[in-house]
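So the structure is just underneath, and the comments pick up after that.
None of the figures in this text is laboratory data; all of them are computed from the coordinates on show. Quick caveat: nothing in here was measured; it's all calculated off a predicted structure. Neighbour counts are summed over all protein chains in view; Cβ atoms, including those assigned to glycine, are modelled from backbone coordinates with ideal geometry.
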Amino acid sequence: SIGESFAEILQQCSKIGSSEVNSGVLLQQILSNTSGVLLELDEATEKLVPCFPAKYRIEDFLWGEYRFQVYDILEIIGVISGQLSNADILYAIHWVQVHRKYLVEDVSNSGAIRGTDPLMQTYVNRMDGALRNWLKNIMRSDFEAAPREDSEGHLFTPGPQNMFRLLEEQLDVAKT
């Protein structure tokens, strides 16, 4: 029944790489539907677990199946991560962090969740390229332009300030 709950979501996942759909909107629908299944499973677990002897470990089985399905979804999203915007990638990573306690067997395990590595790698590669580009442009403008004078008469170049401002903006984006 858990597989059936995820069947429609997995069908949506097969469409996410298509140029015919808005990948960002579809990604949000997929993760929202996955959250819905999570809530249903959480309720079902509360009702089912008392019905079985402890030796059956029914709760472990249910959550194991859930994780298996979610990992498949995350891997599909990871495969098409290059087609997603940075905002969509951050949305997916945030979703994973919010639901982390349901996605790892051992909550104390701080390792990466299966399927999230491509998302992280795509985002890091994009940000690395953007930061290199920004730094190159800032340095070029610092070398080509004359130093500026502040209100106290000290000369300065705005490059370092601009670079740290851009870094701070990107950290703020990643935090939200």
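Computed quantities for the displayed model
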| read-out | value |
| --- | --- |
| Candidates per trypsin sites (Lys or Arg not before Pro) in segment 3-108, loop by DSSP, up to 14 other Cβ within 10 Å | R57 |
| Kyte-Doolittle at least -1.0, axis length at least 20 Å by Cα - qualifying DSSP helices, the chain | 2-15, 23-48, 58-79, 117-144, 159-175 |
| Relative packing of peptides 22-29, 167-174 - highest average C-beta neighbours within 10 Å first | 22-29, 167-174 |
| Per residue, the convex hull volume that the Cα atoms of segment 54-99 enclose (Å³) | 54 Å³ |
| Rh by Kirkwood over Cα pairs, then Stokes-Einstein D for the chain at 0.890 mPa s and 25 °C, µm²/s | 127 µm²/s |
| Within the chain: Cβ-based charge dipole about Cα centre, in debye rounded to nearest 20 (Lys, Arg +1; Asp, Glu -1) | 260 debye |
| Cα gyration tensor shape for segment 63-152, rounded if a/c is under 1.5, else prolate or oblate | prolate |
| Centroid-to-centroid separation of segment 39-68 and segment 110-176 [C-alpha atoms, Å] | 46 Å |
| Signed unit charges on C-beta, dipole axis of the chain, positive-most listed residue A44, G24, A130 | A130 |
| Percent RCO, i.e. relative contact order, over the chain, from Cα pairs under 8 Å lying at least 6 residues apart | 19 percent |
| Residue among T116, T34, T157 with the largest mean-square fluctuation in a Gaussian network model of the chain, springs linking Cα atoms under 10 Å | T157 |
| Rough spin-label spacing in nm, given labels placed 7 Å along Cα→Cβ, for Q161 and V49 | 5.7 nm |
